[in-house]
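Take a look at the structure below.
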């Protein structure tokens, strides 16, 4: 019995000795990350005592509303937990949780994250220096997260701390430059065929300055690995210097490949730098993700019957143009109100593309600047969204209505990449134009009660038909006269032929107004186009005949005196003048008959 008792005591001492050699902190329980409300880490942060450590975390918004003015910071109440050390030797015991960082004036300052939209995530980070007096092991660090739209929460992040071997190793680690990509920004998102413009946040995560930095984007001909067209000779972005803790934004503008599939793509970046202005070139490699929306992989879609799937219905609820009346060759703004007419189906990843009707392979409506495609992330059942685009109607377009087609491509919960088309009709008008030719007046001077013939052509120089053209003559010395011309086709002419009667002697310079009007296709009369002509009207002539003193007596033959001496010549001249008048009348009558015949033919054609 004594032998067995001694053997048991020996084994007990062996177990106690083995347990005493293990670091107690390594047996400490870690905090369950699944209990966190907002924060998560992909890889446990590690550091050495006396050195800086960076906690790279992912902040996720799983709610259906945006978080704004979001901040994260270490919980200062954790400082109250004390480290109970009986000696300075490694492996000394401690009680409870220990705040593992050195407390400085700025360690509890909040880091502003900004806005985290519903259903998205952001990369965030906090940095601090580890205490030198803590033992090796796991530590749980409390981080407070709060902002507008979210309930404040204290999440816990596990870190691993190892002992620094000596001062030399610590100093060497302090001089190592590390870079962080994409902190405090959403994953860049682009939709084919639009150009994807995005920026990359590059932070110097060390405490020393980096010089002569070249950021090289990793390229690939394989569209399954690299989603962008390779158009430039190189994609190097140079930065002269970047201080410790500083952040610089690196811009990119990339065209998405036509054959690329929708999804997330890791982009590898090689960062070349110097740790001094004349130091050797060193390299670091980091990965940054982008998201592309294009076509889905066929194997992911599978075969299905269109009639078996439910999809949203997006229609044009209302539309308007500014200005309301559009003339060929002029700019206008088209405002479309697009509505999801479904009762309970949400549409997402919506791409609207406007396509103009073409005439002879030329688009009637074109954009001088901007894009004719629009992306809407989501449109709930019954909701509307507004699209605005600046367009120009072709100057050559005939006066009629032209169609604009809105091509829709979107996802529904049960139907991916649904494609639909809706159209709107836009009326385009042409400006009416006309001019007149030479105005002929025969004769150009008449007496009161006499008539003169006025003739001139009206030319339609526009692209639209002029209906019911009318010429009106107005003046103080004439009777108001209306002359109906009729319809005039584009590029053709019609003549005005009117007889004007003198009403009063001319008391001014003899100007007579000619007012020309016409109607459009809706019967709306245009504003008068005013022309002028000169016509002089004189007093009427009263004949005065000398019949002698007595009507029953005839004068005795006597020698002709005064004008009677030249009576024979006057009679001959009067006869000649009468012949000329007869000839003029015959010519005028023939012209009028000819014009009337032509007008009747044109009327039959119309």
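Would you please name the residue that is modelled with the lowest pLDDT, looking only at residues in segment 31-41 that are part of a loop (DSSP other than H, G, I, E, B) and touching a strand residue (DSSP E or B) at 6+ places or on another chain (Cβ under 7 Å)?
Among residues in segment 31-41 that are part of a loop (DSSP other than H, G, I, E, B) and touching a strand residue (DSSP E or B) at 6+ places or on another chain (Cβ under 7 Å), the one modelled with the lowest pLDDT is 31.
How about segment 105-165: which strands (runs of 3 or more DSSP E) wholly inside it have at least 1 residues that are more than 13 Å from residue 61 (Cα to Cα) and more than 37 Å from the chain's Cα centre (by Cα)?
121-129, 137-148, 153-162
Quick check on residue 257: is it buried (at least 17 other Cβ atoms within 10 Å of the Cβ), free of Cβ contacts under 8 Å to residues at least 24 places away in the same chain and out of contact with any helix residue (DSSP H, G or I) (no Cβ under 7 Å at 6 or more places or on another chain)?
When the stated conditions are applied, residue 257 does not pass them.
Any residue at all in segment 425-443 that is closer than 28 Å to residue 346 by Cα, touching a strand residue (DSSP E or B) at 6+ places or on another chain (Cβ under 9 Å) and surrounded by fewer than 16 Cβ atoms within 10 Å (Cβ to Cβ)?
yes
Take the residues of segment 390-401 that are over 19 Å from the mean Cα position of the chain (by Cα) and in contact (Cβ under 8 Å) with a residue 60 or more places away in the chain: which is surrounded by the fewest Cβ atoms within 10 Å (Cβ to Cβ)?
My answer is 395.
If I go through segment 342-360 residue by residue, how many of them are closer than 21 Å to residue 388 by Cβ and part of a loop (DSSP other than H, G, I, E, B)?
1
Somewhere in segment 382-389, is a residue more than 30 Å from residue 64 (Cβ to Cβ) and free of Cβ contacts under 8 Å to residues at least 40 places away in the same chain?
For segment 382-389, residues more than 30 Å from residue 64 (Cβ to Cβ) and free of Cβ contacts under 8 Å to residues at least 40 places away in the same chain: absent.
State which residue is farthest from residue 258 (Cα to Cα) when the search covers only segment 213-224 and only residues that are surrounded by fewer than 17 Cβ atoms within 10 Å (Cβ to Cβ) and in contact with a strand residue (DSSP E or B) (Cβ under 7 Å, 6 or more places away or on another chain).
The qualifying residue farthest from residue 258 (Cα to Cα) is 214.
Does residue 79 meet the test of being surrounded by 13 or more Cβ atoms within 10 Å (Cβ to Cβ), at pLDDT below 85 and farther than 23 Å from residue 206 by Cβ?
yes
Six or more apart or on different chains, Cβ under 8 Å: which pairs go from a residue in segment 203-221 that's free of Cβ contacts under 8 Å to residues at least 12 places away in the same chain to one that's part of a loop (DSSP other than H, G, I, E, B) and crowded, with 19+ Cβ neighbours inside 10 Å? Could you list them?
220/226
Which condition number in (1) touching a residue at least 60 places away in the same chain (Cβ under 8 Å); (2) over 30 Å from residue 431 (Cβ atoms) is the one that residue 404 fails?
(2)
Which condition number does residue 108 fail, the rest of (1) in contact with a helix residue (DSSP H, G or I) (Cβ under 8 Å, 6 or more places away or on another chain); (2) at pLDDT below 85; (3) farther than 18 Å from residue 158 by Cβ being met?
Evaluating residue 108 over (1) in contact with a helix residue (DSSP H, G or I) (Cβ under 8 Å, 6 or more places away or on another chain); (2) at pLDDT below 85; (3) farther than 18 Å from residue 158 by Cβ leaves (2) as the failure.
Only residues that are surrounded by fewer than 18 Cβ atoms within 10 Å (Cβ to Cβ) and either in contact with a helix residue (DSSP H, G or I) (Cβ under 8 Å, 6 or more places away or on another chain) or in contact (Cβ under 8 Å) with a residue 24 or more places away in the chain (or both): list them for segment 350-359, please.
353, 355, 357, 359
I'd like the full set of residues that are more than 20 Å from the chain's Cα centre (by Cα) and under 17 Å from residue 418 (Cα atoms), limited to segment 344-365.
344, 345, 346, 347
Okay, residues lined up against (1) within 30 Å of residue 61 (Cβ to Cβ); (2) part of a strand (DSSP E or B):
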{"position": "185", "(1), (2)": "yes, no"}
{"position": "202", "(1), (2)": "yes, yes"}
{"position": "219", "(1), (2)": "no, no"}
{"position": "223", "(1), (2)": "no, no"}
{"position": "233", "(1), (2)": "no, no"}
{"position": "240", "(1), (2)": "no, yes"}
{"position": "244", "(1), (2)": "no, no"}
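Of everything in segment 261-318 that's at pLDDT 85 or above and assigned to a loop (DSSP other than H, G, I, E, B), which residue is surrounded by the most Cβ atoms within 10 Å (Cβ to Cβ)?
Once the filter is applied, the top-ranked residue is 312.
Which of the strands (runs of 3 or more DSSP E) found entirely inside segment 372-441 contain at least 2 residues meeting this: closer than 30 Å to residue 529 by Cβ?
Once the strands (runs of 3 or more DSSP E) in segment 372-441 are filtered for at least 2 residues that are closer than 30 Å to residue 529 by Cβ, what remains is 384-393, 400-412, 415-428, 434-436.
List the strands (runs of 3 or more DSSP E) inside segment 505-606, counting only whole elements, that have at least 3 residues being in contact with a strand residue (DSSP E or B) (Cβ under 8 Å, 6 or more places away or on another chain), farther than 24 Å from residue 449 by Cβ and at pLDDT 60 or above.
511-519, 529-534
The values are calculated or read from the model by the stated rules, or taken from the named source; none is laboratory data. No experiment lies behind these values; they were computed from the predicted model shown. Cβ atoms come from the backbone with ideal geometry, glycine included; neighbour counts cover every protein chain shown.
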